[in-house]
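Colleague: Let me give you the structure first, and then I'll get to my questions.
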Amino acid sequence: MSQSSMIKKTDAIKEGLLQRKRELEAGIKQLQLDNDVSDQIQDSGDQAISSAFESLKSSLHNNEYEEFKMIEKALEMIEAGSYGMCVDCQEAISEKRLKSYPNATRCILCQEKVEEENQKNDTNSYF
Ligand SMILES: [Zn+2]
């Protein structure tokens, strides 16, 4: 694959990620209003959104919070030029997986391992 076609591909992915991030941010802003924590958030920068997320964590579906964090991570990786590589094993994440999960930061094998671990931890905390 040539360098330019890779850049083009991440551009499209980046657009999609930014759009989804905006949707999540809009949801957060609504939650802020509902929860009346707006005076804790003085400006509307990324840092403020992140801290809003922290303070609203309990009111959010965990999935949305996780998704937001993963999108931020994926955008960072696009900027750093390391997007599409697994953060755990440094292998390339398959294109098919990136299409289905553009915010994936792990290959399918490492992701499964993490999810298995999480399930174990959940089980431990419940029993
Ligand atoms: Zn991996």
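Colleague: Residues being crowded, with 17+ Cβ neighbours inside 10 Å and touching a Lys or Arg at 6+ places or on another chain (Cβ under 8 Å): count how many of those fall in the stretch 79-101.
Modeller: Looking only at that region, the number is 2.
Colleague: Within the stretch 113-122, identify whether any single residue is modelled with pLDDT under 90, within 16 Å of the ligand (Cβ to nearest atom) and surrounded by 11 or more Cβ atoms within 10 Å (Cβ to Cβ), and answer yes or no.
Modeller: No: the stretch 113-122 contains no residue that is modelled with pLDDT under 90, within 16 Å of the ligand (Cβ to nearest atom) and surrounded by 11 or more Cβ atoms within 10 Å (Cβ to Cβ).
Colleague: Restricting attention to the stretch 59-70, does a residue exist that is within 16 Å of the ligand (Cβ to nearest atom), over 17 Å from Lys29 (Cβ atoms) and modelled with pLDDT under 90?
Modeller: Checked the stretch 59-70: at least one residue is within 16 Å of the ligand (Cβ to nearest atom), over 17 Å from Lys29 (Cβ atoms) and modelled with pLDDT under 90.
The values are calculated or read from the model by the stated rules, or taken from the named source; none is laboratory data. As the structure is a prediction and not an experimental result, all values here were calculated from the model. Counting neighbours? That spans all protein chains shown, and the Cβs are built from the backbone with ideal geometry, glycine included.
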